[in-house]
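J.: If you scroll down you'll find the structure; I have some questions about it.
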Amino acid sequence: MNTDYILEVRDLKKYFPIRKGLFYRTVGYIKAVDGVSFSLVKGKTLGIVGESGSGKSTLAKLLIKILKPDKGEIFLLGKEITHLSENEFRKWRKSVSLVFQDPFSSLDPRFTIEKIILEGMELGRQSKQEKKKRVLELLELVGLTKDSLERFPHEFSGGQRQRIGLARALANAPELIILDEPVSSLDLSIQAQILNLLMDLQEKFKLSYIFIAHDLRVIRHLSDEVCVIYRGKIMEHATAEEIFKNPLHPYTKLLFSSLPLLGKKRPFTFQTPEEKRSEDKLCRFLPRCYLEKRGLCREEEPSLREVLPGHFVSCWQV
Ligand SMILES: Nc1ncnc2c1ncn2[C@@H]1O[C@H](COP(=O)(O)OP(=O)(O)O)[C@@H](O)[C@H]1O
Ligand SMILES: [Mg+2]
């Protein structure tokens, strides 16, 4: 275990049963996260990109123990957390927080901004005054004014709400923030503002980020490294510079070529006839792959291989 790592994930898996029929029998599994491994150095950003349904939010939830993995290990600041009880996890809980995609549904509409931010705060033996002071400090950090305190979420724009979400995420002075599509629901000009804010905050507090997006462009400027995931598995992993300069996996290339399509929600297409037939055996990207298929592509799932120094690809043809 390298002590420079804030987070290390080994072979993480989460399958959701698909149940059908009168007796609600399990007829198969959605492999939402299917053997994911990576590590993140303190103060750095790992971008995770993949289209809707690829398992990004499931991964985020596993990382902060909202969900329990079926398999694998998660080391947060060197401590394996998957086996910790809720009580034991409390000590580590403060060091990581999550910002959700949708700033409209993630803030309770009945609460004032002050209450929303306080809610996420570890309440120590502070006076009311001190708490209020801390909330004001947080609001200022994210570029909101003092008069926001007594207002309600619906009085704010999307961008402002995401700022509130950020203030809440910062409340316990975390070291790692998991950003699950933090700007996907915002207009382009607002996106840029929030991305700039994220960069400022990272510098100020030496934060580490897991930055999840379905759009490669969004993570380009923030990420040190990028993982491209497809149906729960990492297809390509390299530095951001390398992956943009020299994308190697056919799926990554497809992401580059079809950027506008990716935002659209589409049902999880995990069982085309070809996939159904083969289940675990063939390369999971095969049904959508435009390369000429080779024997191995149908016989065995490729694993992530280092094809250039620091550049990992999961494809038989690279
Ligand atoms: N609680 C759940 N129960 C069953 N299936 C789920 C659950 N959460 C997610 N899934 C399925 O797992 C897959 C990955 O979902 P998700 O992690 O939300 O992907 P993403 O965030 O990349 O869009 C999808 O097929 C989704 O339908
Ligand atoms: Mg998601």
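J.: What about Gly143, is it assigned to a loop (DSSP other than H, G, I, E, B) and small (Gly, Ala, Ser)?
T.: Yes, satisfied.
J.: Taking helices (runs of 4 or more DSSP H) that do not extend beyond the stretch 201-261, which have at least 2 residues that are without any contact (Cβ under 8 Å) to a residue 24 or more places away in the chain?
T.: Hits in the stretch 201-261: 240-245, 250-257.
J.: With Lys68, Lys61, Lys31 as the choices, which residue is assigned to a strand (DSSP E or B) and either within 17 Å of the chain's Cα centre (by Cα) or within 16 Å of ligand 2 (Cβ to nearest atom) (or both)?
T.: Criteria check complete, one pass: Lys31.
J.: Let me ask something additional. In this structure, does Leu118 turn out to be of a type in the set (A, V, I, L, M) and more than 18 Å from the chain's Cα centre (by Cα)?
T.: yes
Residue-wise test of (1) within 16 Å of ligand 2 (Cβ to nearest atom); (2) modelled with pLDDT of 95 or more.
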site: Asn196; (1), (2): no, yes
site: Ile210; (1), (2): yes, yes
site: Asp215; (1), (2): yes, no
site: Met235; (1), (2): no, yes
site: Leu248; (1), (2): no, yes
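J.: Can you name the condition, by its number, that Ala167 falls short on among (1) among the aliphatic types (A, V, I, L, M); (2) touching a Leu at 6+ places or on another chain (Cβ under 8 Å); (3) buried (at least 17 other Cβ atoms within 10 Å of the Cβ); (4) closer than 20 Å to Gly47 by Cα?
T.: Every listed condition holds for Ala167 apart from (4).
J.: Between Ile234, Ile243, Ile229, which is surrounded by 15 or more Cβ atoms within 10 Å (Cβ to Cβ) and under 28 Å from Phe104 (Cβ atoms)?
T.: Just one listed residue meets the conditions, Ile229.
J.: Then there's this: Would you mind telling me which numbered condition in (1) at positive phi; (2) within 16 Å of ligand 2 (Cβ to nearest atom) Lys14 fails?
T.: Lys14 satisfies all of (1) at positive phi; (2) within 16 Å of ligand 2 (Cβ to nearest atom) except (1).
J.: Keeping to the stretch 20-70, report how many residues are touching a residue at least 60 places away in the same chain (Cβ under 8 Å) and more than 14 Å from ligand 1 (Cβ to nearest atom).
T.: Result for the stretch 20-70: 10.
J.: How many residues, within the stretch 47-58, are more than 10 Å from ligand 2 (Cβ to nearest atom) and surrounded by fewer than 21 Cβ atoms within 10 Å (Cβ to Cβ)?
T.: 0
J.: It is to be established whether one or more residues within the stretch 72-79 are in contact with a Phe, Trp or Tyr (Cβ under 9 Å, 6 or more places away or on another chain), within 16 Å of ligand 2 (Cβ to nearest atom) and not polar (S, T, N, Q).
T.: no
The values are calculated or read from the model by the stated rules, or taken from the named source; none is laboratory data. Worth saying up front: this structure is predicted, and the values here are computed from it rather than measured. FYI the Cβ positions are ideal-geometry reconstructions off the backbone, even for glycines, and counts take in every protein chain you see.
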